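Worksheet for the structure shown next.
The values are calculated or read from the model by the stated rules, or taken from the named source; none is laboratory data. Please read these numbers as outputs of a predicted model, since none were measured by experiment. Reconstructed Cβ throughout: ideal geometry from the backbone, glycine too, with neighbour counts over all protein chains shown. The accessibility values were calculated without ligands, DNA or RNA, using every heavy atom of the protein model including side chains. Shrake-Rupley method; radii C 1.70, N 1.55, O 1.52, S 1.80 Å.
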Amino acid sequence: MDKSNVIIGFLIGISTTIAGVFLFTTFFSDYSFEASLRDSIANDYFGKLVAIGAILNFLPFFVFMRKKQLYHARGILFACLVVAIAIAVVKIRNF
């Protein structure tokens, strides 16, 4: 296993999730990005916002699969798994 390719895929997965959150809040919120994040944390829908942002990971995942760069794709899957676990931990902690 080539660890550097998995790490690159992981970093791409995390950055596309952050970009997805930013794009979603920019396009669909009437408030600024910071105000939208504060509101989502205060009203307990931050996990949903991050999950919607993670949908953007489909694009690089399928690009890497098409180009047969499987270790990059594994890194993106690992990033999605880390994001999902983080959302679950936050949900359980606030329960």
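In a simple Cβ point-charge model (Lys, Arg +1; Asp, Glu -1; nothing else charged), the chain has a dipole of about 480 debye relative to its Cα centre. In this structure the chain gives 71 Å² per residue of accessible area when probed at 1.4 Å with all protein chains present. Mean residue ellipticity, 222 nm, helices only, the chain: the sum of -39500 (n - 2.57) across DSSP H runs of n ≥ 4, divided by residue count and rounded to 500, is -27500 deg cm²/dmol. State the label only: which of (i) 37; (ii) 32; (iii) 74 corresponds to percent of Cα pairs over 21 Å apart computed from the shown model? Computed from the coordinates, percent of Cα pairs over 21 Å apart corresponds to (i). Along the axis of the charge dipole computed for the chain (Cβ charges of +1 for Lys and Arg, -1 for Asp and Glu, origin at the Cα centre), the listed residues Ala51, Ala86, Gly75 are led at the positive end by Gly75. Taking the Cα centre of segment 1-57 as reference, the dipole from Cβ charges on Lys and Arg (+1) and Asp and Glu (-1) amounts to some 160 debye. In the chain, Cα pairs under 8 Å separated by at least six residues give a relative contact order of 45 percent. Against the longest principal axis of the chain, how steep is helix 33-42, in degrees 0 to 90 to the nearest 10, with axes from Cα atoms? In the chain, helix 33-42 runs at an angle near 70 degrees to the longest axis.
Leaving ligands, DNA and RNA out of it, report the carbon-plus-sulfur percent of the accessible area of the chain at a 1.4 Å probe. The computed percentage sits at 71.
When Phe33, Phe58, Phe22, Phe27 are compared by accessible area of protein heavy atoms, the largest-first order is Phe27, Phe58, Phe22, Phe33, using a 1.4 Å probe. By how many degrees, 0 to 90 and rounded to 10, does the Cα axis of helix 70-94 deviate from the longest principal axis of the chain? Between the helix axis and the principal axis of the chain, the angle is about 30 degrees.
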